[in-house]
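Notes follow once the structure below has been shown.
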Amino acid sequence: MFILNSQKYASKDNYAEVLGMPSSGKTTLVGNMKKNNPGVIDVNARLPKGRIGRQASKFLYMSLLFLRSPRAFIRDTKIILSSGQKSAKDLYSVLSNWHLNVRMYSLKDNLDNLHIWDQGLFQAVWSIYFCGSKEFDAISLFENKLLPAKVHFADASNDELIARSRNRTRRMRLNYLNHDDLEKGRYALKKTIQVMEAIGYIEKKDST
């Protein structure tokens, strides 16, 4: 688990994220946290399940975010564009995921509940690194952003990731049977953790 220790970045104690490779156990970790604490809200589970409904929600949140903070929206978009995404599909995916999470973080919440994302801001950064071909200023994406106080880390060995991915019904952008994909996924995870540490996250033993 990583805990934010910084005077520069604002965070919320009742916001948390789970970071990890696809099939590393992020959803399972969130599920266990919900079992142990009925006050846990799985934020991602609140989004529509169907593809059309989910994309409509993303578009709505992106539009509201642009109207609320157009300069920040444009700045973040330029930073993500500089990452050299491999395709228009990947570009839309990483852009919409980033802006969706930024908007969801800014919404009014119930302070009595723990809000947790298994596809949050840092998982969005992982996706940008994984699908990108160039270095980009990831640190600047977090300028004036509200951040999670804690980021839980989910991990598994390469063999476990391959075995779990075979049981998934939904197709992943990362093909674990492709060694290059697996190595790039690990590299993207390493870069994301480096960004977290630069922001001020400190790794501590996870007691969950």
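The values are calculated or read from the model by the stated rules, or taken from the named source; none is laboratory data. Please read all numbers here as calculations on a predicted model, not as lab measurements. Because the Cβ atoms are built from the backbone with ideal geometry, glycine has one as well, and the counts that use them run over all protein chains shown.
List of remarks:
- Test set (1) surrounded by 20 or more Cβ atoms within 10 Å (Cβ to Cβ); (2) without any contact (Cβ under 8 Å) to a residue 24 or more places away in the chain - GLU183 fails condition number: (1)
- Each residue in the stretch 64-88 was checked for being of a type in the set (S, T, N, Q) and either in a helix (DSSP H, G or I) or more than 21 Å from ASP137 (Cα to Cα) (or both), and 1 of them qualify.
- Meets criteria (at pLDDT below 95 and surrounded by 15 or more Cβ atoms within 10 Å (Cβ to Cβ)) for ARG173: no
- Filter result for TYR61 (of a type in the set (Phe, Trp, Tyr) and either assigned to a helix (DSSP H, G or I) or closer than 23 Å to PHE130 by Cα (or both)): yes
- Scan of the stretch 64-86 for residues that are of a type outside the set (A, V, I, L, M, F, W, C) and at pLDDT 95 or above, ordered by number: PRO70, ARG71, ARG75, ASP76, THR77, LYS78, SER82, SER83, GLY84, GLN85
- Residue in the stretch 87-105 that is under 26 Å from ALA188 (Cβ atoms), in contact (Cβ under 8 Å) with a residue 40 or more places away in the chain, in contact with a Pro (Cβ under 9 Å, 6 or more places away or on another chain) and not basic (Lys, Arg) present: yes
- Within the stretch 18-71, the residues that satisfy the criterion of being loosely packed, with under 12 Cβ neighbours inside 10 Å and closer than 15 Å to MET104 by Cα are ARG46, LEU67.
- For SER87, the stated conditions do not hold, so it cannot be described as in contact with a Leu (Cβ under 9 Å, 6 or more places away or on another chain) and surrounded by fewer than 16 Cβ atoms within 10 Å (Cβ to Cβ).
- In the stretch 31-50, the residues that are in a helix (DSSP H, G or I) and in contact with an Asp or Glu (Cβ under 9 Å, 6 or more places away or on another chain): GLY31, MET33, LYS34, ASN44, ALA45
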